[in-house]
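A short write-up of the structure that comes next.
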Amino acid sequence: MLTQKIKAYLMKNVEDLLNPYFWVEVVVEFILSAFVLTIVVWALTTLNPASYQPSTTHFGLFAGFVIMALLDGWGPLCGAAMNPSSVWGFFVAGRISFVRALFYMGAEIAGAAAGGMIGYSLTPLAQQKTFLPILPGPGVTIGTGLAIEAILSFNHLVVALSVTDPTRPTTTTTMRSFPAAFCIGTGILAAGSYTGGLQNPIVPFGPAVVTKNFSMHFEVYWAGPFIGATVGAVFYNLVVTAKKHLNRSDRNQLPSSSVDQKTPQQNRSQSLNTLQTIIGTEDNDSTF
């Protein structure tokens, strides 16, 4: 049984590699990630400090609306993950193959670096100095920052797995994008002054590449989301498995009359059939 599961899993990885559309999805994921980081650079850069200064509120609303739009518009093309830690979480949860997770994460990281450079190069030279790397707030240690990003990423991954669960009732793409976008937006609003509340390693990665400042970068913005996504994936699968087991146990413990309940119309039909059977039996007995 285990050998068959391993073979099926390996075949899924091979099928992804041999599927031409898989490579199209990888390229689209790269393009989408580059676009996201391009506009992130612009959102964090001001050409007129007197009239506009980036803020946590502004960036939280910006991120929520952008993610919702991209999930709706680009989701059917490639899934629109745009987040290596979420991709990793979906792999841990058994939703995608290792090959897909590996190439998606590579495309997203490369796209983030490219997008950061594009956004920065399109910014006037005089204003490029206003662009700063994304760093934890004053007094936020590596441990504190890691924990904050892990907690937010844990919630984000659980929500993403829940709204895309194939066992749930069918919902529209828009209804699935709302919770994911709100998780990101509210996370930034809540923890923006601490770490940024980004829940996505590629968002600070683009600015770090541009500014060449990786201070506390991997410890907070990569370790945190990946740890949170891993725990979230395991937690979600455990809860789903437990619910299925408990539901099965409850059904087995119910009396047969409670399990096999019929509507009044079904009961009337059954009574009529029984009556006809009795009458038919009596008629047959009278002929002998």
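Taking the protein heavy atoms of the range 1-147 in the context of the full set of protein chains, the accessible area attributed to carbon and sulfur is 74 percent at 1.4 Å. When each of the peptides 93-101, 26-34, 197-205 is scored by the mean number of other C-beta atoms lying within 10 Å of its residues, the order from highest to lowest reads 197-205, 26-34, 93-101. From most to least packed by mean Cβ count within 10 Å, the peptides 41-50, 58-67 give 58-67, 41-50. Packing order of peptides 3-15, 123-135, highest average first: 123-135, 3-15 (average count of other Cβ atoms within 10 Å over each peptide's residues). List the residues of the range 18-41 whose backbone N lies under 20 Å from a point placed 7 Å from the Cα of Ala69 along the Cα-to-Cβ direction. Once the point is set 7 Å along Cα→Cβ of Ala69, 28-41 turn out to lie under 20 Å by backbone N, inside the range 18-41. Scalar couplings 3J(HN,Hα) for the range 199-211, obtained by applying the Karplus form with A = 6.51, B = -1.76, C = 1.60 to θ = phi - 60°, are 6, 8, x, 6, 5, x, 5, x, x, 5, 5, 5, 8 Hz; x denotes Gly and Pro.
Across the range 55-119, Cα-Cα pairs farther apart than 15 Å form 62% of the total. Entry comment: accessible area of the range 1-150 is 51 Å² per residue, from protein heavy atoms only and a probe of 1.4 Å.
The values are calculated or read from the model by the stated rules, or taken from the named source; none is laboratory data. Because the structure is predicted, anything quoted here is derived from the model rather than measured. Methodologically, a virtual Cβ is constructed for each residue, glycine included, from the backbone with ideal geometry; neighbour enumeration extends over all protein chains shown. What goes into the accessible areas is simple: the full protein's heavy atoms, side chains included, and nothing from ligands, DNA or RNA. Shrake-Rupley method; radii C 1.70, N 1.55, O 1.52, S 1.80 Å.
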